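This report concerns only the one structure given below.
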Amino acid sequence: MKYLLVTTHNIPKFYKANGEIVELELNYVESKKFGETDGSGNISLTMIGGNSAVIQNHWMVDSIEQSLKELNAHDIYPYKSKVAAKENAIRLGLKSFKYIPVP
């Protein structure tokens, strides 16, 4: 799992690697459906929702791929790990931040 470093706002702003904050309009959604199949072929569907950018470790945008393209166009890239994101946040002296997990 990779991670984006963001502000603590409900709809977050994104930190570049140099600490610059970038505000982008991404298409956030209020709910998402996720499905999983077990070893017997049984499917379980889960609907999650709320007013947050991340719910149960899921980034609540309509398209993760499109959102990452938009971030990349502004020189914002995910960190290799949560540890790497935290180390850079500490190096930059950020006081408040959180993470968005991305596959």
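The values are calculated or read from the model by the stated rules, or taken from the named source; none is laboratory data. What you see is a predicted model, and the numbers here were worked out from it, not measured in a lab. Note that each Cβ is placed from the backbone with ideal geometry, even for glycine, and that neighbours are counted across all protein chains shown. The protein model used for the area step is the full one, side chains on, heavy atoms only, and it has no ligands, DNA or RNA in it. Shrake-Rupley method; radii C 1.70, N 1.55, O 1.52, S 1.80 Å.
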As an exercise: evaluate PHE34 against (1) open to solvent by 30 Å² or more (accessible area, probe 1.4 Å); (2) outside any helix (DSSP H, G or I); (3) at pLDDT 95 or above and give the number of the one condition it does not meet. (3)
Search result, residues across region 45-95 that are open to solvent by less than 60 Å² (accessible area, probe 1.4 Å) and hydroxyl-bearing (Ser, Thr, Tyr): SER52, SER63, SER67, TYR79, SER81
Can you tell me which residue is farthest from TYR28 (Cα to Cα) among those in region 55-98 that are without any contact (Cβ under 8 Å) to a residue 60 or more places away in the chain and of a type in the set (Lys, Arg)? ARG91
Subset of region 9-28 (residues that are open to solvent by 40 Å² or more (accessible area, probe 1.4 Å) and farther than 13 Å from ALA89 by Cα): HIS9, ASN10, ILE11, LYS13, GLU23, GLU25, ASN27, TYR28
Scan (1) out of contact with any Leu (no Cβ under 9 Å at 6 or more places or on another chain); (2) within 14 Å of ILE100 (Cα to Cα); (3) part of a strand (DSSP E or B) for the single condition LEU5 breaks and write down its number. (1)
